[in-house]
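Q: First the structure, then my questions, so here it is.
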Amino acid sequence: MNFTERQQQIINKAIEIIAQKGYQELTIKHLAAAVGVSEAALYRYFSSKNELIHQILAYFEALAQQIMGSITENIQDPMEQVKAFVMNRYELFTANPDLAKVMFSEEIFWNDPSLGAHNLDIMHKHSEQIIKSIRAAQRKKEIRNDLSAVQLFRIIIGSLRLLITQWQLSDYSFSLTEEGKKLWQTLEKLIKET
C-alpha cells in the first residue's frame, strides 16, 4: 500500500492518539487539530474514521508483508525464519511502542465487523507464513514433529503478546528485546527436536 506523505503523517498521528489517549479520543476533530489541518481538509485524505482505521490496518499489513518478504528472501533456514519474525516484532515495538499499543488494541475491532474481518485477515496471513516455516522446520527435524504447527504458532505468538503486554503495563521498565531473546531461548528448548 502506497500512502502519500500527508496520509502517512495522518496515520502516524492517529496511531499516536489511539496509543496515548485511547480509541474513543480518535475523532476527526482531534486528529485534524493534531495534524494542523481543518476537518474538511482531513476528509480529502480519508472519508471517515472507519476508512482511516482500515488504512491503519493496511499500513500494518504492508509493514508485516515487507518484513516477512525480507525474512524469507534473506534467511533460508525455516527455524531461523520463525526466530527472525519474533525478534523483529520485539525490535519494531521497542522502536515504536505506540504501534504495539494499537496493533494489540482489540477494542477497536469488537464493534465493527468490517474492521474485525480486516484484522482477522491480517492475522491469517501472518499465521500462514509462520506456520509454513514451522512445518518446514518440522520436516527438517529442527522442531518436534509430534506437535501441531498451528498450536506451536499460537504458543509462540501468544507468549510474544504476553511479554509485550507486560512490557507496556510496566511502563517499559525492562528491555523488550533482551527479555524476548530469553523467551525465545526457552521456547526453542521446548519445541526443538532432540
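The values are calculated or read from the model by the stated rules, or taken from the named source; none is laboratory data. Here the structure is a predicted model, which means the values were calculated and not measured. For neighbour counting, all protein chains shown are included, and Cβ atoms are generated from backbone atoms with ideal geometry for every residue, glycine included.
Q: When you go through Leu26, Leu57, Leu31 one by one, which is the residue that is under 14 Å from the mean Cα position of the chain (by Cα), buried (at least 19 other Cβ atoms within 10 Å of the Cβ), over 30 Å from Glu188 (Cα atoms) and in contact (Cβ under 8 Å) with a residue 12 or more places away in the chain?
A: Numbers: Leu26 fails: under 14 Å from the mean Cα position of the chain (by Cα); Leu31 fails: under 14 Å from the mean Cα position of the chain (by Cα).
After applying the criteria, what remains is Leu57.
Q: Take region 160-175 and flag every residue that is surrounded by fewer than 17 Cβ atoms within 10 Å (Cβ to Cβ) and in a helix (DSSP H, G or I). Walk me through how you get there before you give the answer.
A: First, the residues of region 160-175 that are surrounded by fewer than 17 Cβ atoms within 10 Å (Cβ to Cβ): 161-162, 165-166, 168-175.
Hits for region 160-175 are Arg161, Leu162, Thr165, Gln166, Gln168, Leu169.
Q: Right, another one. Check Phe93 against each of (1) closer than 25 Å to Gln151 by Cβ; (2) of a type outside the set (S, T, N, Q); (3) surrounded by fewer than 16 Cβ atoms within 10 Å (Cβ to Cβ) and name the one condition it does not meet.
A: Looking at each condition in turn, Phe93 falls short on (3).
Q: I've got another one for you. Mind listing whichever residues of region 1-47 are within 26 Å of Gln65 (Cα to Cα), among the hydrophobic types (A, V, I, L, M, F, W, C) and in a helix (DSSP H, G or I)?
A: Within region 1-47, Ile10, Ile11, Ala14, Ile15, Ile17, Ile18, Ala19 meet the criteria.
Q: On to the next question. Would you tally the residues in region 86-138 being over 30 Å from Glu25 (Cα atoms), more than 15 Å from the chain's Cα centre (by Cα) and among the charged types (D, E, K, R)?
A: Of the residues in that region, 2 qualify.
Q: For region 145-158, give me each residue that is over 13 Å from the mean Cα position of the chain (by Cα) and crowded, with 17+ Cβ neighbours inside 10 Å.
A: Answer for region 145-158, where residues must be over 13 Å from the mean Cα position of the chain (by Cα) and crowded, with 17+ Cβ neighbours inside 10 Å: Ala149, Leu152, Phe153, Ile156.
Q: Turning to a different aspect of this structure: Quick check: anything in region 54-65 touching a Leu at 6+ places or on another chain (Cβ under 8 Å) and over 30 Å from Ser173 (Cβ atoms)?
A: The answer is yes, given that some residue of region 54-65 is touching a Leu at 6+ places or on another chain (Cβ under 8 Å) and over 30 Å from Ser173 (Cβ atoms).
Q: Right, Trp167: within 30 Å of Ile17 (Cα to Cα) and modelled with pLDDT under 95 or not? So that I can check it myself, show each step before the final result.
A: Working: within 30 Å of Ile17 (Cα to Cα): yes; modelled with pLDDT under 95: no.
Criteria not met by Trp167.
Q: Now, a different point. Out of all the residues in region 44-54, which are free of Cβ contacts under 8 Å to residues at least 24 places away in the same chain and closer than 21 Å to His118 by Cβ?
A: Of all residues in region 44-54, those free of Cβ contacts under 8 Å to residues at least 24 places away in the same chain come to 44, 47-49, 51.
Scanning region 44-54 gives Ser47, Ser48, Lys49, Glu51.
Q: Would you point out which residue out of Ala100, Ala84 is among the aliphatic types (A, V, I, L, M), at pLDDT 95 or above and closer than 21 Å to Glu178 by Cα?
A: None of the others qualify; the one that does is Ala84.
Q: For region 65-150, which fully contained helices (runs of 4 or more DSSP H) count at least 1 residues that are within 20 Å of Gln55 (Cα to Cα), in contact (Cβ under 8 Å) with a residue 60 or more places away in the chain and aliphatic (A, V, I, L, M)?
A: 97-103, 107-110, 113-139
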